[in-house]
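> Have a look at this one.
Throughout, read-outs are computed from the coordinates displayed, never taken from laboratory work. None of the values given here were measured: they were computed from a predicted structure. Here the Cβ positions follow ideal geometry from the backbone for every residue, glycine too, while neighbour counts run over all protein chains shown.
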Ligand SMILES: [Fe+2]
Ligand SMILES: [Fe+2]
């Protein structure tokens, strides 16, 4: 199986947009924490998060189908490839593993929580509460590219209460906050709104 360094190189090779690179790193952080709590394979889950959108920027219309043979040829495990296919609802690939359910359940929610943190004056996750995220979940004009229906479907699949899952995503993001432009305090150069371009795919 390729290493985490291989996975990062593959993501960066196909993704130039900072916000999309950060999205992969963000979902990686959340899934690594999920794997730790579930007693699952932390490297496998982390790399699945890192790579789930690796072909989106270059091939948005064919994502995630386009990337599948690349991942297969590189020797990534079938469980990961299936989970990546399954995170896109239109593929029809069933999410019948914990990894697939956690990727789907955290992907769009990670985008939403990140967007909420980025508009907070301090960009701080520490001060973020699930209820502020829930308010933005209902505010359809906020972070419009984030699919509310997929977030709700993901929560239902995982059978986790919304606030608990939101708090979990906040905790997961906190593990990678510096690399995705979030932190306890605003630092020089971070106040330009660049991170607000964050999209999910
Ligand atoms: Fe995607
Ligand atoms: Fe995504």
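> Place a label point 7 angstrom from the Cα of residue 37 along the Cα-to-Cβ direction, then list the residues of the stretch 68-105 whose backbone nitrogen is under 16 Å away.
Under 16 Å, as judged by backbone N against the label point of residue 37, lie 98-105 of the stretch 68-105.
> Run lengths n ≥ 4 of DSSP H only: what is the helix-derived mean residue ellipticity at 222 nm for the chain, with -39500 (n - 2.57) per run over all residues, to the nearest 500?
On the way: 9 runs with 113 residues, N = 201.
Result for the chain, helices only: -17500 deg cm²/dmol.
> Gap in Å between the Cα centre of the stretch 16-44 and the Cα centre of the stretch 110-178?
So the separation of the two Cα centres works out to 15 Å.
> Can you classify the stretch 1-46 as rounded, prolate or oblate using the Cα gyration tensor, where a ≥ b ≥ c are the square roots of its eigenvalues, rounded means a/c under 1.5, and otherwise it's prolate if a/b beats b/c and oblate if not?
oblate
> Relative contact order of the chain, please, whole-number percent, based on alpha carbon pairs below 8 angstrom and at least 6 residues apart.
Once divided by the residue count of the chain, the mean separation gives 26 percent.
> Using only the alpha carbons, work out the radius of gyration and Dmax of the chain in angstrom.
Cα radius of gyration and Dmax of the chain are 15.6, 44 Å respectively.
> Right, next: Using only the alpha-carbon atoms, how far is helix 4-14 inclined from the longest principal axis of the chain? Give it as 0 to 90 degrees, nearest 10.
Helix 4-14 sits at roughly 80 degrees to that axis.
> Now, a different point. Taking Cα atoms, how many degrees apart are the long axis of helix 42-51 and the longest axis of the chain, rounded to 10 and kept between 0 and 90?
Compared with the principal axis, the helix lies near 80 degrees.
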